[in-house]
Amino acid sequence: MEKTKVLIVGSGPAGFTAAIYTSRANLQPVLYEGIEPGGQLTTTTEIENFPGYPEGVDGNRMMADLRRQAERFGADIRTGVVTKVDLSSRPFHVVIDGTKEIETESLIVATGASAKYLGLPSETKFRGMGVSACATCDGFFYRKKDVAVVGGGDTACEEATYLASLCRKVYLIVRKPFLRASKAMQERVFATPNIEILFEHNTAEVLGDDSGVTGALLRRNDGSETTIDISGFFLAIGHHPNTELFAGQLDLDAEGYIAVVPGTSQTSVEGVFAAGDVKDPRYRQAITAAGSGCIAALDCERFLLK
Ligand code: NDP
């Protein structure tokens, strides 16, 4: 069975930063990319708030750069999904793609978080046929068409603004009478003439036919219903942490995020460290994820030295 000192799970800014630090410390880390190589930033367009890029940087480009930087110091970056872990004793036992087994002295979990859906059967039916949780990935297909975005947070506002630059009209479906997004993001939405905000509306059904989404049935908080004609239906209602693999083995908070000792990456199991969105329901930024990847690598290095 293959043995490693450091196994990193996840390939967003947290995972790659942990790989850069642990490889420079000569710990020969092995990193498994997971289901979404490069993580959530590969589904975004321009990142304007990562320090060091005064002109902004494309999400895919940044992840490719982080990967090259980790490889330059010898990190072993592999395609594969961790399907099972046993953290009951050290070395930890990890299974990749249901077949390959690895024993590792330490584990850095950077599996991120995934988009939430409303849970409507019609939404599932039309997923990939007009229903999407990533405007920047799929917006292109709806050029000059009418679309809707669900949510009132920063993601929803960002996606609505992005879609407004491609589409004829964007409905922003918000269940509360106000937006939760930051002031700057709200102002951007209010200043975009082809975004119509539908406050106090919920989606009752996504409507469609063999060609895909054709509309949505909306229900106001007072019970009245209305239909909008749209070709694209975009979810932007938050994320859930990818921690199913660790349930029952690591302490999780009420929302399923990995609990760590405050100010560190230390989880409830000695030798297992968490970094990035998988432990961060609050900030969820590329820069905070990268910073926490660095913290996890340093904590891991100190643990292995003991
Ligand atoms: P948030 O949790 O902030 O917002 C989710 C939104 O979806 C809320 O408006 C919420 O409504 C709504 N919602 C949740 N569930 C449902 C549902 N079932 N039906 C209808 N609406 C629903 O998530 P975001 O992804 O927007 O943001 C996450 C974090 O990332 C935040 O901290 C945000 O600031 C940050 N972020 C920062 C960006 C930047 O700085 N450039 C860009 C994007 C995100 P309600 O308000 O009623 O709960």
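Where does each of 128-134, 168-174 land if you order them by average Cβ count within 10 Å, highest first?
Highest-to-lowest ranking by the protection proxy: 168-174, 128-134.
For a quick check of your reading of the filter: which chymotrypsin sites (Phe, Trp or Tyr not before Pro) in segment 262-306 sit in a DSSP loop and have no more than 13 other Cβ atoms within 10 Å?
Tyr283
Using modelled amide H (1.01 Å from N, peptide plane; none on Pro or chain starts), what sits under 5 Å from the amide H of Leu252, excluding residues fewer than 5 places away?
Residues meeting the amide H criterion: Ala259.
With a 10 Å cut-off between alpha carbons and a GNM built on the chain, which of Thr99, Thr243, Thr214 moves the most?
Highest fluctuation among the options: Thr99.
Pick out which of Glu105, Glu187, Glu158 has the largest mean-square fluctuation in a Gaussian network model of the chain, springs linking Cα atoms closer than 10 Å.
Between Glu105, Glu187, Glu158, it is Glu187 that shows the largest mean-square fluctuation.
What's the local net charge at Arg72, with K and R +1, D and E -1, over the other residues with C-beta under 13 Å away?
0
Once you sort the root eigenvalues of the Cα gyration tensor of segment 1-131 as a ≥ b ≥ c, which label holds: rounded (a/c under 1.5), prolate (a/b larger than b/c) or oblate (the other case)?
Oblate is the answer for segment 1-131, as a/c is 1.5 or above yet b/c matches or exceeds a/b.
I need to check one value: relative contact order of the chain, counting alpha carbon pairs closer than 8 Å and at least 6 residues apart, in percent.
Across the chain, relative contact order equals 21 percent.
Could you state the number of Å between the C-alpha centres of segment 126-173 and segment 214-238?
Between the Cα centres of segment 214-238 and segment 126-173 lies a distance of 13 Å.
Which of the peptides 10-18, 284-292, 55-63 is most tightly packed, and how do the rest follow, going by the mean number of other Cβ atoms within 10 Å of each residue?
In descending order of packing, they fall as 10-18, 284-292, 55-63.
At most 10 other Cβ atoms within 10 Å and a DSSP loop assignment: could you name the chymotrypsin sites (Phe, Trp or Tyr not before Pro) in segment 111-152 that fit?
Of the chymotrypsin sites (Phe, Trp or Tyr not before Pro), not one in the loops of segment 111-152 has a Cβ with at most 10 other Cβ atoms within 10 Å.
Using +1 at the Cβ of each Lys and Arg and -1 at the Cβ of each Asp and Glu in segment 206-306, identify which of Phe246, Val260, Thr226 lies farthest towards the dipole's positive end.
Val260
Let me spell out the model: positive unit charges on the Cβ of Lys and Arg, negative unit charges on the Cβ of Asp and Glu, origin at the Cα centre of segment 151-229. What dipole size does that give, in debye rounded to 20?
Rounded to the nearest 20 debye, it is 360 debye.
For segment 1-68, what does the alpha-carbon gyration tensor say about shape, rounded, prolate or oblate, given a ≥ b ≥ c as the root eigenvalues, a/c under 1.5 as rounded, and a/b over b/c as prolate?
Taking the square roots of the gyration eigenvalues as a ≥ b ≥ c, segment 1-68 is oblate.
At a Cα cut-off below 22 Å, give the lysines reachable from Lys306, other chains included and same-chain residues fewer than 8 away excluded.
Partners within reach: Lys3, Lys5.
Would you mind checking which residues have amide H under 5 Å from Ile77's amide H? H placed 1.01 Å from N; only 5 or more apart, or other chain.
Leu31
Quick check for me: using +1 on Lys/Arg Cβ and -1 on Asp/Glu Cβ, what's the dipole size of segment 191-306 about its Cα centre, in debye to the nearest 20?
580
Could you give the radius of gyration (one decimal) and Dmax (whole number) of the Cα atoms in the chain, in Å?
For the chain, the Cα radius of gyration and maximum Cα-Cα distance read 20.9, 64 Å.
Which value, in debye to the nearest 20, describes the size of the charge dipole of the chain about its Cα centre when Lys and Arg Cβ atoms bear +1, Asp and Glu Cβ atoms bear -1, and nothing else is charged?
With only Lys, Arg, Asp and Glu charged at Cβ, the dipole is about 340 debye.
Give me the net charge of Ala135's neighbourhood, meaning all other residues with Cβ under 12 Å from the Cβ of Ala135; Lys, Arg count +1, Asp, Glu -1.
Residues near Ala135 contribute -3 overall.
Taking neighbour Cβ counts within 10 Å as the exposure measure, how do Val6, Val95, Val109 sort from fewest upward?
Sorted ascending by nearby Cβ count, the order is Val95, Val6, Val109.
Rule-based calculations on the coordinates, nothing more; no lab input. These numbers come from a predicted model, not from an experiment. Quick reminder, even Gly has a Cβ in these numbers, built from the backbone with ideal geometry, and neighbours come from all protein chains shown.
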